[in-house]
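The numbers here are math on the coordinates, done by the rules we state, and not lab data. All figures in this text were calculated on a predicted structure; none of them were measured in a lab. When we count neighbours, we look across all protein chains shown, and the Cβ atoms used for this are built from the backbone with ideal geometry, even at glycine.
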Amino acid sequence: MRYAPAILVGRLTRFAARLRKPGGGSAVPGLVVNRIAPGYLKRTLSGFPQGLVVVSGSSGKSTTTKMLVAILRAHGVDVFTNPSTANISQGLTSALLEQADWRGRVPGDVAVLEMDEGHGALVMQGVDARVVTLMNVMVDQIDRFHDSEMVAGMLARIAARAGEAVVVNADDAYLERLAARVRPGVAVHRFGVAQAVLATAPRGLGYTETSESRLEIDEQRPGVRVESVDGRSATLDDGRDRVTTSLPARGVHYAVDAAAAYATAHAVLGDRFSAKLTTEALSSIPAVFGRGERATVRGHEVDFVLVQNPASYQLNVDSIAPGTEQILFAVGSDVRDPSYFWPTNAASLGRVSVVSGSKAAEAALMLAYDGVAIDRVEPDLDRALDDFLAMPTPANGVKTIVFTADSMRRTRAHLGLAGAE
């Protein structure tokens, strides 16, 4: 009852925000409620009957969370999650408000939430989790996280709140060192790739520091290993079952996300875990908000590829099918300093039809130094999108839009795509 007034104010704020900007303002209600009822988020996260599962790390959180939710629901678990991938404190509160009753109670047996590294370290103060899954440590958002040690420290604080298990990426040396410090009584589960899979990624997996050895699985060291990746298909091995699953998009990093979700589901479900149900669930989910997502827009099949840090930039650019004929490349205002991406190499793109966004000139210069041919630079993203989609259907591949987060939101709004972040 103590939170009823805050819930009412939050809902009125959400209604007003959506009147002003349909599909937008998703974090504003949470910002308001956190200000007037600062205890609501922590109290609600602590109130789910089967506890809280947290997914965090530099990259892969959104896809892994969506995979994990699908697996748990396939096993009959009633799951609350943050479906819009809002992973900071006000976004998490807004997600709770979407389903809360007038007293603030949220339905669901278990909450599965992705959390931003920095906000998660703060939100989890005083909140216990059953299971915490940590994806990786990458050079990311250097305006917020000045070095990888800082990120690893934040993830360690989140992991310290786990009561049953911590699930870590065995290929990430930072996380392996963190796993060695997990307190007694908390199980450690791992996921990773086989050496043959790592060899197919000539630039590595994007982690700040990659472990020297690959994951070995036995009864004392439970885990899931990616044995092979072929386009949108991957083979996973947990030491007992060897399964092949479809992926939401091309790339080894999506197979790693699948292994993370598989290992986490095993840690949450225990003896209830079914490899068959898990494989079926993994194979059925679509891509998440531009992360390898494919949609039909104005009569054309379009692939959306989101790049957020140098590692994801490299991995996602490398995963674009060779010979893709029409590419729009948009860098927006979220990239304060485009030199952030200069250590990457986009030469595999070959040619880009249009470079756009508020940082179009800087992006075009970067691509030119990589030897990429550029047909046109058009800073006006709306115009660039309209002209790009008006081009004839390509003879090779599908139309592909590569964008940073700001350009993604503007693209989705301009094209009227539902469910924009």
Notebook entry, point to check: So which aspartates and glutamates can Lys276 reach, going by Cα to Cα under 15 Å and dropping same-chain residues fewer than 8 places off?
Noted result: Asp237, Asp238, Asp241
Check: Which whole-Hz couplings ³J(HN,Hα) result when phi for each residue of the range 46-56 is put into the Karplus expression 6.51 cos²θ - 1.76 cosθ + 1.60, θ = phi - 60°, listed in order with x for Gly and Pro?
Finding: 8, x, 7, x, 9, x, 10, 10, 10, 10, 9
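Order 278-284, 177-183 from most to least packed using the mean count of other Cβ atoms within 10 Å.
So the order, starting with the most tightly packed, is 278-284, 177-183.
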Next item on the list: Please order Ser356, Ser348, Ser319 by the number of other Cβ within 10 Å, starting at the fewest.
Entry: Ser348, Ser319, Ser356
Notebook entry, point to check: What are the aspartates and glutamates whose alpha-carbon lies under 15 Å from the alpha-carbon of Lys359, with same-chain residues fewer than 8 places away excluded?
Noted result: Asp334, Asp337, Glu378, Asp380, Asp382, Asp406
Note to self: Just to be sure I understand the curve: with the Debye formula and one point per C-alpha of the range 291-415, what is log10 I(q)/I(0) at q = 0.10, 0.13 Å⁻¹?
What the structure shows: -0.25, -0.43
Next item on the list: Please report, in debye to the nearest 20, how large the charge dipole of the range 44-284 is about its Cα centre when each Lys and Arg carries +1 at its beta carbon and each Asp and Glu carries -1 there.
Entry: 300 debye
Check: Could you put Lys399, Lys42, Lys66, Lys276 in order, starting from the residue whose Cβ has the fewest other Cβ atoms within 10 Å?
Finding: Lys276, Lys42, Lys399, Lys66
Item checked: Selection from Ala330, Val297, Pro394, by position along the positive dipole direction of the range 291-415 (Cβ) -> Val297
Check: In whole Å, what is the distance between the alpha-carbon centres of the range 173-188 and the range 364-421?
Finding: 42 Å
Notebook entry, point to check: Which of the GluC sites (Glu not before Pro) across the range 196-241 are loop residues per DSSP, with 12 or fewer other Cβ within 10 Å?
Noted result: Glu212, Glu216, Glu219
Check: Under the Kirkwood approximation for Rh and a Cα-based Rg, what ratio Rg/Rh is obtained for the range 44-284?
Finding: 0.94
